[in-house]
């Protein structure tokens, strides 16, 4: 069966509903002097919405794609070329070793919380160790989603569950200009992952789970695990064509496999072990290599103590600070072994009977 099941999507907004929703972003009286200009912009936005202008600027795909005549989004093509260049740099033995540090907390002092996160402090400790060992450090602070103007990681749409070839690498679901789903951060984030020889994720526990800013990124990395690097092969988002491709046999390429990883999870009451397990299993699934037992850490900081004193608790917890530094040391050692061809993943040469 390749015929997609349909009937869930709602109808498009009416003209009046669209107008109300558009103007909600401009209720500040400061925009009153621009009402005439906004009316003109709203008319254009309505036309783009009703005619589904997802990718308004395209170019012919050209050689190297399954359908050279396909009108490919210039934004997707630019991201695709950046990832190819990043992969080439990452595999060049002459380039410095690079570690991506991901601060998974949603808290920083530039917004409502009014204070930096403990996760950010732990990230700085790891960064100092890595820099001291000659590693290039790339910081991805996901808390920028709550404090930067119009910065987004839009949600994964679940294309992979329709058919894996429908999930493109990098993601082609965004931007969608007709729906005003723009300023998506993921193309920059994909480049950071591809450029890295190792990744360390540091995160708190929010309600037994990873913070939403981290989960948004994780979901959008599904295209790195089995995604299709050629959108022209599915004529963009042709679900029936993608189903036929998967049914005919799909290799589920792991675009980030072979990189080293470490994980630091902290909490104050519960959930640290489950989150650490979940992150490790996810990274293992994508083909990344853990850097040994010292690279996987879960600890309580201020167990059942007031939130207001949590930074002071971290100040006095020398052991968790040193354990975090050990995660960075373990990852640095593993990166050196990896690049010297002394580190491998046992069983990586085996044929997986369940490649999904």
> Of all the Cα-Cα pairs you can form in the chain, what percent are over 38 Å apart?
Replying inline: 26 percent
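Would you order 156, 167 from fewest to most other beta-carbon atoms within 10 Å of each residue's own beta-carbon?
In increasing order of surrounding Cβ atoms, one gets 156, 167.
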> Can you pull the Rg over Rh of segment 59-109, Cα-only, Kirkwood?
Replying inline: 1.19
> Give me the log10 of I(q) over I(0) for segment 135-191 at q = 0.14, 0.24 Å⁻¹, as the Debye formula computes it from C-alpha points; what are the numbers?
Replying inline: -0.48, -1.06
> Per the Cauchy relation, a quarter of the hull surface: what is the mean projected area of the convex hull of the alpha carbons in segment 228-270, in nm²?
Replying inline: 6.0 nm²
> Could you work out Rg/(2.2 N^0.38 Å) for segment 192-316, with Rg from alpha carbons only?
Replying inline: 1.34
>> Please compute the length gained on full extension between residue 348 and residue 241, using 0.36 nm multiplied by the number of residues separating them and subtracting their Cα-Cα distance.
In response: 35.4 nm
> Could you give the nm distance between label points at residue 59 and residue 111, where each point is 7 Å from its Cα heading toward the beta carbon?
Replying inline: 3.4 nm
>> As a test, work out the antiparallel percent of DSSP beta bridges whose residues both lie in the chain, rounded to the nearest 5.
In response: 20 percent
> Once both axes come from the Cα atoms, what is the angle between helix 118-132 and the longest principal axis of the chain, in degrees from 0 to 90, rounded to 10?
Replying inline: 70 degrees
> Once the Cα atoms of helix 239-248 and of the chain are each reduced to a long axis, what angle between those two axes, in degrees from 0 to 90 to the nearest 10, is obtained?
Replying inline: 50 degrees
> How far apart, in nm, are two points set 7 Å out from the Cα along the Cα-to-Cβ line at residue 161 and at residue 30?
Replying inline: 4.0 nm
> For the chain, what does -39500 (n - 2.57) per DSSP helix run (n ≥ 4), summed and divided by total residues, give at 222 nm, in deg cm²/dmol to the nearest 500?
Replying inline: -11500 deg cm²/dmol
> Could you give the length gained on full extension between residue 131 and residue 148, defined as 0.36 nm per residue of separation minus the Cα-Cα distance, in nm?
Replying inline: 3.4 nm
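Which whole-number percent is the relative contact order of the chain (Cα, under 8 Å, 6+ apart)?
18 percent
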> Given a cut-off of under 8 Å on Cα pairs at least six residues apart, what relative contact order in percent is computed for segment 261-356?
Replying inline: 30 percent
> Can you pull the Rg over Rh of segment 303-342, Cα-only, Kirkwood?
Replying inline: 1.29
>> Please compute the length gained on full extension between residue 251 and residue 71, using 0.36 nm multiplied by the number of residues separating them and subtracting their Cα-Cα distance.
In response: 62.3 nm
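Any read-out appearing in this document is the output of simple, stated calculations on the displayed coordinates, not a laboratory observation. Computed from a predicted model, the values in this text were never measured in an experiment. Backbone-built Cβ (ideal geometry, glycine too); neighbour counts: all protein chains shown.
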